[in-house]
Amino acid sequence: MIEFRSVTKEFPDGTLAVDDFSLTVPSHRTTVLVGSSGSGKTTLLRMINRMVDPTSGTIEIDGVSVASLEPVKLRRSIGYVMQNSGLLPHRTVVDNVATVPLLRGVPRRTARADALRLLDTVGLDRAIADRYPSQLSGGQQQRVGVARGLAVDPNILLMDEPFGAVDPIVRAELQQELIRLQHELGKTVVFVTHDIDEAFLLGDQIAILREGGRIAQLGTPAEILANPADDFVASFVGADRGKRALHVESQDGSDVLVDSDGRPAGVLVGQRSGAGPSGGARSDVPHIVPTEGPPR
Amino acid sequence: MTWLWSNLDLVWLRTLDHIVLSLPPILLSFVFALPLGWLANRYRPTRGAILSIAGLFYAIPSLPLLFILPVIIGTSLRSPANLIAALTLYGLALMVRVVADGLASVDPDVRQSATAVGFSAWSRFWLVELPLAGPVLLAGVRVVAVSTVSLATVGAVIGAKSLGSLFTDGFQRGIQVEIITGIVATVLLALVLDGAVVLLGRVLMPWTRRTRRIRPAPAAVLGPMPVVRSVA
Ligand SMILES: Nc1ncnc2c1ncn2[C@@H]1O[C@H](COP(=O)(O)OP(=O)(O)O)[C@@H](O)[C@H]1O
Ligand SMILES: [Mg+2]
């Protein structure tokens, strides 16, 4: 569990990047911080691994204040994945993935063997292990970035717009891959994005941020969509423009969900099941099988 | 030409002398330039000062420098050490700026991500920033290598033996072939050293050799498209 308590960050030049931010990030869930550029998302993320220290307030990981931890050691225990992968251009794929274990003193052979297994985990062919990052496609680079983030088997994975720079098709692949991985691994993921669709797709809990890291609304995707807190949130999630509005049309005996442009979004296969075995917001929602690709 | 054939062993000896005089300044100027270049790059205010002072050294004429150095650092005028010290200063004058520029050329994203995954400042410098500054450093070392080999000939004037001794001797005794041999051998040595530096760069920086080539993703294992987690 990560807890932000009244965290404020003012940069030396006077920029108030984060203003009195409080949030509990539950363990083994994906929490998405979503907001426009400059809303303080990266700053918030970097305060968790002490790349940035708050001006005031505290951040605790499982009850321990990060301020009391040695930054380098702390960072080696937390996975970090960023846009443009941040891979070391002078190291091969396998050495990039093995970077942090090597820093932590894991023997070279072990680190490399583990790294090769991690390539499998993130859906990469071992044949690329000896290539340099510049010889990979953008999507492959991001997968390597994720593998590197997982290399020390961290409890916490910080992801800063990791899929922001790849094309939409590859992004959709990577998103599905992350959902699958998270299903298997159950990390505490803090995921930063400016893409509300990505936030709804990946987040168990979503914090919609305004300028200065002020939380406009916190909740599950369903809660936010069903009940936008204010006009800002409504406009951000696109509810005001009817973008999210779906309605049911019968087609050859099936119920097809159609969006506001008349395009089919999916077909209704479940019925309201009441309290499902797992409880929670999502089980109350009928499943939709997409008619084409991922949702827009 | 008969002079050359009957003095091949002398030419070889002077070539060795020349190498012994040139290699230490090339290495030393690189080593000393690292902390200075790092300092210049790290702290903005010192950058201008360090780079200007370093640059000024290159403007000092070589003969006066050879006479001043013994007074300052206590080397004896005619010793190889005196010449090596002078050549190191000239190399330093070039390399400090090269190191600062090389470190500044490292992609800030890569530096940030190295920090983010847990490199300490020390390991980040040696394992990330320095290697990535490599191509710029290499270009600088090539210039220093060639310039040092050429400058080392001046040692002949103060009596430090080198290929330069061939042309001072050739002038005094009026042997044209000896003069030309000295010049040609110096140029050849410079070219050979330059080539050696390039080769060394290839060995030390294998990632710069491979060209970008993107192939389609090798069979990315995609899970089946799961039931979309969307909400109505
Ligand atoms: N090192 C810094 N120095 C000064 N201002 C900064 C620094 N880093 C970020 N900022 C400012 O803080 C605000 C939040 O930045 P950031 O956390 O990067 O937002 P986001 O990731 O949401 O785009 C922005 O106004 C940005 O310009
Ligand atoms: Mg950002």
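Within region A:99-110, one or more residues are at positive phi, surrounded by fewer than 23 Cβ atoms within 10 Å (Cβ to Cβ) and free of Cβ contacts under 8 Å to residues at least 60 places away in the same chain.
Within region A:211-234, the presence of a residue that is farther than 19 Å from A:Lys41 by Cβ, hydrophobic (A, V, I, L, M, F, W, C), outside any helix (DSSP H, G or I) and within 13 Å of chain B (Cβ to nearest Cβ) is excluded. Among residues that are touching a residue at least 24 places away in the same chain (Cβ under 8 Å), more than 14 Å from chain B (Cβ to nearest Cβ), over 20 Å from A:Thr188 (Cβ atoms) and more than 7 Å from ligand 1 (Cβ to nearest atom), A:Glu10 is included. Going through (1) touching a Phe, Trp or Tyr at 6+ places or on another chain (Cβ under 9 Å); (2) outside the structural domain of A:Thr24 (by TED's automatic domain parsing) one by one, A:Leu246 falls short only on (1). With respect to the conditions (1) over 30 Å from A:Leu44 (Cβ atoms); (2) assigned to a loop (DSSP other than H, G, I, E, B); (3) without any contact (Cβ under 8 Å) to a residue 60 or more places away in the chain; (4) not hydroxyl-bearing (Ser, Thr, Tyr), B:Val106 falls short on a single one, namely (1).
Is at least one residue of region A:153-161 touching a strand residue (DSSP E or B) at 6+ places or on another chain (Cβ under 7 Å), in a loop (DSSP other than H, G, I, E, B) and within 16 Å of ligand 1 (Cβ to nearest atom)? Yes, the conditions are met somewhere in region A:153-161. The one condition from (1) open to solvent by less than 40 Å² (accessible area, probe 1.4 Å); (2) not in a helix (DSSP H, G or I) that A:Ala115 does not meet is (2).
Scan region B:1-60 for residues that are farther than 27 Å from B:Thr153 by Cα and either among the β-branched types (Val, Ile, Thr) or in a loop (DSSP other than H, G, I, E, B) (or both) and the total you get is 3. Filtering region A:26-76 to residues that are within 16 Å of ligand 2 (Cβ to nearest atom) and either free of Cβ contacts under 8 Å to residues at least 12 places away in the same chain or open to solvent by 40 Å² or more (accessible area, probe 1.4 Å) (or both) leaves A:Ser36, A:Ser37, A:Gly38, A:Thr42, A:Arg46, A:Met51. Residues that are modelled with pLDDT of 65 or more, facing chain B (nearest Cβ under 9 Å) and assigned to a strand (DSSP E or B) within region A:248-291 comprise A:Val248, A:Leu257, A:Ala265, A:Gly266, A:Leu268, listed in sequence order. One residue alone among B:Leu127, B:Leu83 is surrounded by 14 or more Cβ atoms within 10 Å (Cβ to Cβ) and more than 14 Å from chain A (Cβ to nearest Cβ), and that residue is B:Leu83.
For region A:179-197, a residue qualifies if it is more than 12 Å from chain B (Cβ to nearest Cβ), away from ligand 2 (no atom under 16 Å from the Cβ) and either farther than 24 Å from A:Arg126 by Cβ or out of contact with any Gly (no Cβ under 9 Å at 6 or more places or on another chain) (or both), and the qualifying residues are A:Leu185, A:Gly186, A:Thr188, A:Val189. Here B:Leu77 clears all of (1) in a helix (DSSP H, G or I); (2) surrounded by fewer than 23 Cβ atoms within 10 Å (Cβ to Cβ) except the condition numbered (1). For region A:179-197, residues that are within 14 Å of ligand 1 (Cβ to nearest atom) and open to solvent by less than 10 Å² (accessible area, probe 1.4 Å) total 4. Return a yes/no flag: does region B:131-147 have any residue that is within 13 Å of chain A (Cβ to nearest Cβ) and hydroxyl-bearing (Ser, Thr, Tyr). There is no residue in region B:131-147 that is within 13 Å of chain A (Cβ to nearest Cβ) and hydroxyl-bearing (Ser, Thr, Tyr).
Among the residues of region A:135-157, those identified as within 10 Å of chain B (Cβ to nearest Cβ) and more than 13 Å from A:Asn84 (Cα to Cα) are A:Gln135, A:Arg148, A:Gly149, A:Ala151, A:Val152. Evaluate region A:227-235: report whether one residue or more is exposed (fewer than 13 other Cβ atoms within 10 Å of the Cβ), over 25 Å from A:Leu174 (Cβ atoms) and touching an Asp or Glu at 6+ places or on another chain (Cβ under 9 Å). Yes, region A:227-235 contains at least one residue that is exposed (fewer than 13 other Cβ atoms within 10 Å of the Cβ), over 25 Å from A:Leu174 (Cβ atoms) and touching an Asp or Glu at 6+ places or on another chain (Cβ under 9 Å). So, of the residues in region A:198-210 that are within 14 Å of chain B (Cβ to nearest Cβ) and within 16 Å of ligand 2 (Cβ to nearest atom), which turns out to be surrounded by the fewest Cβ atoms within 10 Å (Cβ to Cβ)? Among those that are within 14 Å of chain B (Cβ to nearest Cβ) and within 16 Å of ligand 2 (Cβ to nearest atom), it is A:Glu198. Among residues of region A:153-178 being open to solvent by less than 30 Å² (accessible area, probe 1.4 Å) and among the β-branched types (Val, Ile, Thr), the one that is farthest from ligand 2 (Cβ to nearest atom) is A:Ile156.
Where strands (runs of 3 or more DSSP E) fall entirely within region A:24-107, those with at least 1 residues that are within 16 Å of ligand 1 (Cβ to nearest atom) and within 16 Å of the chain's Cα centre (by Cα) are at A:30-35, A:78-82.
The values are calculated or read from the model by the stated rules, or taken from the named source; none is laboratory data. Because the structure is a prediction, the values reported are computed rather than measured. Methodologically, a virtual Cβ is constructed for each residue, glycine included, from the backbone with ideal geometry; neighbour enumeration extends over all protein chains shown. With ligands, DNA and RNA removed, areas are computed over all heavy atoms of the protein, side chains included. Shrake-Rupley method; radii C 1.70, N 1.55, O 1.52, S 1.80 Å.
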